[in-house]
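Report on the structure given below.
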Amino acid sequence: MNSKLFLILLLVMGSVKFQAQETSLQEIHLMPWPQEMKTNNSDYSISEDFSVFIHDAQDEDSRITKAAVRFIRNMTDKSGVFVKEGFPNAKGIDGSSASLHIYFDAKAEVVMGIDESYTLSVTGTGIEIHAKTDVGAMHGLSTLLQLIKVKDGAYAFTGVEIKDNPRFVWRGLMMDVARHFLPIDVVKRNLDAMALVKLNVFHWHLSDDQGFRVETKTLPELFKKASDGQYYTQDQIKDIVAYADDRGIRVVPEFDVPGHGTAFLTAFPELGSKKGMEYSLERYAGIFDPTLDPTNEKTYEFLDKLFKEVTPLFTDVYFHIGGDENEGKHWDENPEIQQFMKEHKLKDNHELQTYFNIRLEKILAKYGKSLMGWEEIMTPNMPKSALIHSWRGVNEGMEPGESLIKAVKNGYQTILSNGYYIDLLLSVDDHYLVDPMPDVALTEAEAKRILGGEATMWSELVTPLTVDSRIWPRTAAIAERFWSSIEVRNLDHMHERLNTISQFLELIGIQHVKSQEYLLRNIANYQDTHGLRQLTTISEPFKIYSRNAGGTQYKTYSPFTLFADACAADAKSVRNFRKLVDAYIDQSDASAKEELTTYFKTWEGIAEQLKTIAPHAPLVSRVIPYAERVGEIAAMGAKALENDRISEEELRQLKNLVAKKEDPAVNLDVELAVAKDIIRLAEYLVEK
C-alpha cells in the first residue's frame, strides 16, 4: 500500500474514532460535568440481580450505607426493576459477587476543605467507586444515578471511566426562611437536591425583619413574639444539621444584625436604636430602619446569651451575622449614639458597625465560631479572620465582583453570590456564565482566598409551594459552575443536560414540576388547563424585583398562587423559538418558517380557550387581557410570515402592542418572553 495513502487512512480512522467518542460524550447528560471522563462502550444492565457491596463498611447507620440505600431506592424507582436485595452488604453479597463496589479510605468530618474526589468505572461486568472519603464516594453515587439510560428497551448505566473532584471548596445554596417560613420537609428535599448536584454548603437565613425562626429557651420572647408561630424547634434544627451531614453538606446559620433587626426588636424593643418606638414584624419587603443599638451594653449581653444557646446546635465553624443594608437612619437620629461615636472617635456609621462587628466576633470566638458576613462588614479595622460574602453588583451600582476582588487583595477569604441571585428570576444563561474567579490578575495567594460561591434564594416572593420551582433546575447549572472546569461553558450542551437533571430532581422529590401543575389547576378552578399551560411556555415573571417594585405590592400573607407564580424564569418554548428565528433569518429555512407559523397559530387561539373556562374561574379572567394581546401579536406574526413581509406601519403597530402593559391592579406580573425575537423577525421581514 502507498505510504501516503496508509497515512491518510490512519488519520481518517483516528478522526472517526475521535468523533464517535465525542458524540457519545455529548449524549451523556451529567451535571455537574466531571473533570475527566471517557466512554468505554460497555454499559452495565440493571437487573433484579443488582447489588451493592461497601468495602470496610462501618455499620447500617453509617453515612455511606444510608447513601447507598437511597441510591438503590432511586435506581429502582427510576427503572422499575424489582431487585432481590434492597440494601448494601446484604447476606450472600460479598466482594466478588456484587454489581457495585464502593471503596473509600476514611469517614470524613464534614468541614471545609475535605477531600471530595472520586473515581467511577462502569463496564459491562461491574461498577466501582473509589474515594479518599465517604463524602467523595457519595458524590460518585450521585454521578452514577445520573448515568441511568435506556438501552435496547431496558435500563442500564452508561459505560464510563470518570476521575472527578471539585474546583471550589465552597459550593452553597442560601435559603431565606425569614420572609416566608419553609417547613422541615421543604428544607430536607432541597438538601437532597443539593447532594445530587454536589453542593456542599446550606446557608440558612434564619432571621430578618419579617421573622425570627429559632426556638430559644433562654430568650423565649424571640420565637414567641417574633415568629408568628412559625419556627424550628431546637430538635428540628439538630435533625436538619444531621440530615445535611449525612449528605456531606455543611450548615451555616445566619442571624442578620445589626440591621434587618425588626424581629429582634419586636421581642426586645429596649435594644433598639430609636427609643420609645413600638416595633412589630414587617409584612412588606424592603430595607427598613429598625437597628440594634451598638452603644448599648445590654445589646451585647443579649447577643452573648443568644449565641451561647444556639451555637451548639450547629456543627460548622462559621456563623453568618448578615451585616448588610444598614443605612443607619436611627443611629443618625439618636443623640446618645452620636455622642458615643464622638467619644470613641468613630467618624461614621461604617466605623460604628465595625465596632459592633468586632464585639460580635469576640462573642462568637468564645463559643468556637468564626464570623462571616455580607460584604458591608469589610472595613479597614475588620479582622482578616472574617469571611466576606460578596453580593453587590451592577444592580447596586457596583462593578461585578468588585467587593470580591477588594476582599482577596486585602487578605480576606471570600465567596461570591453576585450573579447567583436566583430570586431575580433571570435566565439560567445569566447565572451559568458568571464565574467566582474574576478575570483580573491575582496572585496565587489571592486566588486561593476565593473559596467558591452561593446561589441565594430570598423568599419575599416564594412560599413552600413555589420555592422548588424558583431554585431548580437553574441552581444545578450554578452548581456546575462551582464544581466543574472553567472551560465547561457551552450553553447548548448545558441546556440539554439541564432538561435531564430536572427529571432526576423530580425523581428524588423536588416539586418544581408538580407545583406548576397544581397552580394551573387552581387558577383554572380544576377545569381544562391546556390554554394556561400553553401561555406559560412563552411567559416569564417580571425580573429583578420589578414584580414587587418598592416592596409594597405583596405582603408576607398575600397569595402567591397567581399566573406569575406558575411561570418559570426560563419559559419552555423561548429558546427553541429563538433558534427558529435565527434559522429563518440566516438561512431562509422553510421548515423553520413552518414551525414558527405553528407557534403563532397556537398562541393566537389561547385567549378563546381561556374564555371558555373563565365564567367558573375568576383567576383566569385576570389573564385574558394578556392572552388577547399575545393573540394579536401572534396573528401579526403569522400574517407577516405568510406574506413574507411586513410594512413599516405594521411594524410600528406590532412594537406598540408588544410594549403595552396590562393593568397592574390585576397582579399579572409577567412578560412575553418571546417578544424580542418576534420584533427581530418582523424587522428582518421589513428589511427583506
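Values as computed for the structure displayed
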| item | result |
| --- | --- |
| Extension gain (nm, one decimal) between K224 and Q339, 0.36 nm per residue minus Cα-Cα | 37.9 nm |
| Overall dimensions of the chain by Cα: Rg and Dmax, Å | 27.7, 99 |
| Distribution of pairwise C-alpha distances over the stretch 237-389, 5 Å bins, in % | 2, 9, 18, 21, 20, 15, 9, 4, 2, 1, 0 |
| The stretch 37-166 - convex hull of the alpha-carbon atoms, volume per residue in Å³ | 97 Å³ |
| Residue-count net charge about F288 - beta-carbon cut-off 12 Å; Lys, Arg +1, Asp, Glu -1 | -4 |
| For the stretch 257-330, the spread of Cα positions along each principal axis, largest first, Å | 35, 27, 19 |
| Cβ-Cβ FRET estimate between S96 and D430, R0 fixed at 41 Å, reported to 0.05 | 0.20 |
| In Å, descending, principal axis extents of the Cα set of the stretch 523-607 | 51, 32, 15 |
| Gain on full stretching of the segment that runs from E297 to K676 - 0.36 nm per residue minus C-alpha separation | 130.7 nm |
| Intensity falloff of the stretch 450-584 expressed as log10 I(q)/I(0), Debye formula with alpha-carbon point scatterers, at q = 0.11 Å⁻¹ | -0.48 |
| Kyte-Doolittle mean at least 0.0 and Cα axial length at least 30 Å: DSSP H helices in the chain | 3-26, 618-643 |
| Relative packing of 36-44, 200-208, 672-680, which averages over residues the other C-beta atoms within 10 Å, highest first | 200-208, 672-680, 36-44 |
| More than 21 angstrom apart: percent of Cα pairs within the stretch 322-457 | 48 percent |
| Overall Cα dimensions of the stretch 305-397 - principal axes, largest extent first, Å | 40, 36, 22 |
| Kirkwood estimate for the stretch 571-688, i.e. one over the average of 1/r between Cα atoms, Å | 14.9 Å |
| Compactness of the stretch 18-113, expressed as Rg and Dmax over alpha-carbon positions, Å | 16.0, 46 |
| Alpha-carbon gyration tensor eigenvalues x 5, square-rooted, for the stretch 359-410, Å | 24, 10, 8 |
| Cβ charges +1 (Lys, Arg) and -1 (Asp, Glu), total dipole of the chain, debye | 320 debye |
| Built amide H within the under 5 Å cut-off of Y421, gap 5+ | T456 |
| Sequence ranges 482-488, 265-271, 458-464, ranked by mean other-Cβ count within 10 angstrom, highest first | 458-464, 265-271, 482-488 |
| The chain, accessible surface, carbon-and-sulfur percent (1.4 angstrom probe) | 51 percent |
| Protection-proxy order for peptides 137-147, 362-372, 289-299, each taking the mean of Cβ atoms within 10 Å per residue, highest first | 137-147, 289-299, 362-372 |
| The stretch 373-440-the stretch 443-464 distance, computed between alpha-carbon centres (Å) | 8 Å |
| Cross-link reach list, lysines versus K308, counting only Cα pairs under 22 Å and skipping chain neighbours closer than eight places | K217, K224, K225, K238, K298, K362, K366, K369 |
| Förster radius 22 Å - calculated FRET efficiency between K543 and E399, Cβ distance, rounded to 0.05 | 0.60 |
| Contour minus Cα-Cα distance for V440 and I184 (0.36 nm per residue) | 88.0 nm |
| 222 nm mean residue ellipticity, helices alone, for the chain (DSSP H n ≥ 4; -39,500 (n - 2.57); rounded to 500) | -13000 deg cm²/dmol |
| Value of Rg/Rh across the stretch 135-221 [Cα atoms, Kirkwood radius] | 1.16 |
| Share antiparallel - DSSP beta bridges, the chain, percent rounded to 5 | 40 percent |
| Y599 accessible area, assembled protein chains, probe 1.4 Å, Å² | 50 Å² |
| Ellipsoid equivalent to the stretch 82-237 - semi-axes via the Cα gyration tensor, in Å | 40, 17, 16 |
| Two-site FRET efficiency, H495 against N525, from Cβ-Cβ distance with R₀ of 41 Å, rounded to 0.05 | 0.75 |
| Given charges at Cβ of Lys, Arg, Asp, Glu: the stretch 237-381 dipole, positive-most of N381, F288, T266 | N381 |
| Percent breakdown of C-alpha pair distances by 5 Å bin, ordered from the shortest bin, for the stretch 222-278 | 4, 16, 18, 18, 15, 12, 8, 5, 2, 1 |
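The values are calculated or read from the model by the stated rules, or taken from the named source; none is laboratory data. It should be emphasised that the depicted structure is a prediction, and the values quoted were computed from it without experimental measurement. We place every Cβ from the backbone using ideal geometry, glycine too, and count neighbours over all the protein chains shown. Heads up: the accessible areas ignore ligands, DNA and RNA and are worked out on the full protein's heavy atoms, side chains in. Shrake-Rupley method; radii C 1.70, N 1.55, O 1.52, S 1.80 Å.
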